[in-house]
1. Working from Cα positions, state the angle (0 to 90°, nearest 10) between the long axis of helix A:2-21 and the longest principal axis of chain A.
2. Who wins for biggest fluctuation among A:36, A:63, A:73 in a Gaussian network model of chain A, springs between alpha carbons below 10 Å?
3. What number comes out for the charge environment of residue B:268, summing +1 per Lys or Arg and -1 per Asp or Glu over other residues with Cβ under 13 Å away?
4. Between residue B:191 and residue B:266, what length in nm is gained on full extension when 0.36 nm per residue of separation is reduced by their alpha carbon distance?
5. By the scheme Lys and Arg +1, Asp and Glu -1, what is the net charge of all other residues having a beta-carbon under 12 Å from that of residue B:391?
6. What is the stretch B:374-503 by shape, rounded, prolate or oblate, if you read a ≥ b ≥ c off the alpha carbon gyration tensor as root eigenvalues and call it rounded for a/c under 1.5, prolate for a/b larger than b/c, and oblate otherwise?
7. Averaged across B:171-177, how many Cβ atoms of other chains sit within 10 Å of each residue's Cβ atom?
8. For residue B:254 and residue B:382, compute 0.36 nm times the residue count separating them, minus their Cα-Cα distance, and round to one decimal in nm.
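FYI, it's all coordinate maths here, none of it is from the lab. This is a predicted model, so every value here is computed, not measured. Here Cβ is always computed from backbone atoms with ideal geometry, including for glycine, and neighbour counts include all displayed protein chains.
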Amino acid sequence: MKTIMKWCALVLLSATTVAMAQEPVRLVSSVQKVETFVNEQGEQERRLVAAERVVPGEELRYTVTFANQGSETVDAGSIVITNPVPNNTIYLEDSAGGSGTDVVFSVDGGELWGTPEELVITGENGQPRVAQAEEYTHIRWTFRPALETGEESSVFFRVRLR
Amino acid sequence: MWPLAWVRPSDSIEDSLPTAARQVPRPVIFSLFARLFAYLKSVVEARAPAAIFFRAWVLTYWKQGFFSPISRPTPGRSRTAQRQTVAATDVDAHAFGRTSVRSQEPGKRSSDRLPVSGSGFSTRWDLGHFQNPRRTVMSRFKRFGLVLIAASLGSISAQAATFTETDTVGPQGTQAGTSISNQARAEFAINGNPVSEFSNTEEFLVDERIQVDVTVQQASVQVQPSQTQRIQPFLITNLGNGQETFDLTVLPNVGGDDFDPTFAANNLVYRASGASCAPSDIAVSQQFNTGTDQLDLAPGGTILICAPADIPGAAVDGEVGFFDLRADSATAGASAASPGDVLAGVGDGGVDAVVVQNFGRDSDQGVYVVSAVDVTVVKSIIEVDDGFRSGVPNTPTGGRFIPGAIVTYQLDVEVDGTGTAQNLSIVDDIRDDGTDVLYVGSSVVVNGTGRTDLVDADIVSVTDVTPATGPFAGLPVKRITVNFGTTSGAPTVNHEITFQLEVQ
């Protein structure tokens with residue numbers, strides 16, 4: 001039995017090493033809650049708070065940061081980040097962005113991609129119509145510049161919890 | 001109310017895993033596995049933060065060969081290890097597959113379920129489970145199991161009933177306790193060589209919103225004095241996103257009204273058996289005792305409650321009586337909450353609960369309106385014509401009651417009040433045995449319009465009847481019937497009926 005454990009440990013250790021070697025870009029997803037509050041001037045303002053005490057109807061902002069922690073430059077235009085619209089949430093129109101990125105969406109689980117005007121689905125009456133933001137299933141960003149060693153950038157989008 | 005969550009069959013350990021851990025492609029599983037190993041390794045080497053507690057556990061078991069499938073925990077190990085063991089066995093207790101879990105104190109018999117053969121390791125990988133309040137309660141359950149069982153038996157003897165929803169208005173947003181997870185994927189190239197990577201899986205649990213709606217289903221109920229069990233229907237809806245228990249309270253003494261409707265002892269209300277409240281719903285089988293019974297409603301679940309009240313006999317037309325029916329969340333702390341207050345750890349599955357309404361409750365008012373109606377009839381002789389004089393009797397111009405004189409009677413009918421007189425008809429019997437008087441045929445005039453005596457569509461009929469009772473019992477009479485039909489007293493209605501008799 002001890003032999004098997006050691007063998008397993010060896011496999012796991014080597015897997016870890018391989019994984020480390022394959023991750024020159026560090027990709028981190030984080031979420032915050034968008035809270036509306038009334039400031040001292042009595043005006044409504046929005047702020048980002050920790051995603052705690054989230055109940056249906058509330059707005060969330062997801063951020064995906066990517067950093068080149070390897071020793072080589074990542075090719076310009078090669079970074080494509082794909083994020084599904086999280087379960088039980090709906091994507092909020094025009095909320096996806098990120099500096100130096102082009103954004104496209106999918107309404108079919110990531111098969112076909114397009115800008116909001118290009119995404120057409122068949123409506124209830126059988127006629128094609130432009131898809132609503134709440135029908136998006138995936139978001140995809142293409143980062144145009146190269147990412148030099150040590151550089152970091154991020155993309156973001158907002159959703160509402162159903 | 002979180003205790004309901006852990007008896008739900010679907011609530012398994014797997015549910016609390018990030019979705020991605022179940023669905024990710026194989027390379028990701030390798031990657032996760034690799035990370036797990038790295039983490040365990042760092043724990044053993046005491047590199048990872050907040051791992052001291054866990055490290056003690058891992059080391060203890062590692063030394064004892066716990067991770068070997070055939071080993072078993074032995075008495076006399078450290079207290080820390082004991083506590084972790086309890087948490088680990090929750091996997092079994094959770095599914096209620098085994099009730100043999102007893103005290104884990106040193107020296108006593110421990111459960112044989114601890115090493116879940118080779119999979120024992122994998123059930124322990126998620127440290128987050130150790131902070132799950134559900135598990136803490138399960139541990140307590142085992143420790144004080146007998147006490148809890150005794151307590152629950154006690155509550156059964158109180159015969160408190162729980163009423164569940166009979167209909168639903170649909171989901172109220174994402175169910176409390178649902179895990180919302182996100183994982184991004186990146187594809188890129190270095191020197192033309194394609195690489196693919198996943199981000200961490202970001203996860204949070206949806207908290208519970210406590211919100212209830214009570215809506216009276218009838219703007220007002222028209223009643224008459226002394227009526228009993230007049231029903232006001234109320235619809236109770238759980239507008240929260242979690243399973244929630246509510247208490248119901250009847251408040252008959254609200255202000256601003258003229259009388260207080262009275263309810264049976266314990267302020268009994270009833271569950272409707274259909275889509276509306278029927279008198280047959282006021283039955284023991286439908287009874288809800290507001291003092292002891294509770295509602296337990298799924299998100300969006302509704303139940304129709306029939307509240308029957310008695311109307312005091314002293315109430316008069318136009319008076320109103322109010323009462324409130326209130327539903328209060330039974331979740332601990334909700335009764336003292338303000339809108340937006342957070343109740344930590346008491347939501348479904350141990351998530352936090354956010355209270356939407358003041359005191360976690362809602363109420364609506366039932367209104368009873370007394371709608372009595374008065375019908376008065378005043379009979380008078382307005383003219384006597386004796387062939388010499390014609391006018392009001394006993395005046396200089398009035399005729400005398402001599403044989404052959406024609407006497408004109410008038411009935412003034414008044415219908416007054418907010419209520420409605422159903423099928424109002426005025427009946428006058430004229431003695432018809434050849435003595436005293438004789439009815440003058442077709443002399444009935446209603447509101448200035450002459451009427452025939454025939455029994456027809458016309459509102460007047462004159463028939464030959466021998467009444468069994470009354471002043472003319474057993475004597476033949478001419479019965480004058482004027483049928484006004486259903487007549488509302490608002491506004492006040494007046495009718496004028498005249499007819500003629502000949503003095504014999």
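1. With both axes taken from Cα atoms, the answer is about 60 degrees.
2. Result: A:36 has the largest fluctuation of those listed.
3. Value of the local net charge: -2.
4. On the way: separation 75, 0.36 × 75 = 27.00 nm, distance 8.08 nm.
Gain on stretching residue B:191 to residue B:266: 18.9 nm.
5. -1
6. Note, shape of the stretch B:374-503 comes out oblate.
7. Working: counts 2, 3, 8, 9, 3, 2, 0.
Averaged over the peptide's residues, the number is 4.
8. Length gained, residue B:254 through residue B:382: 40.9 nm.
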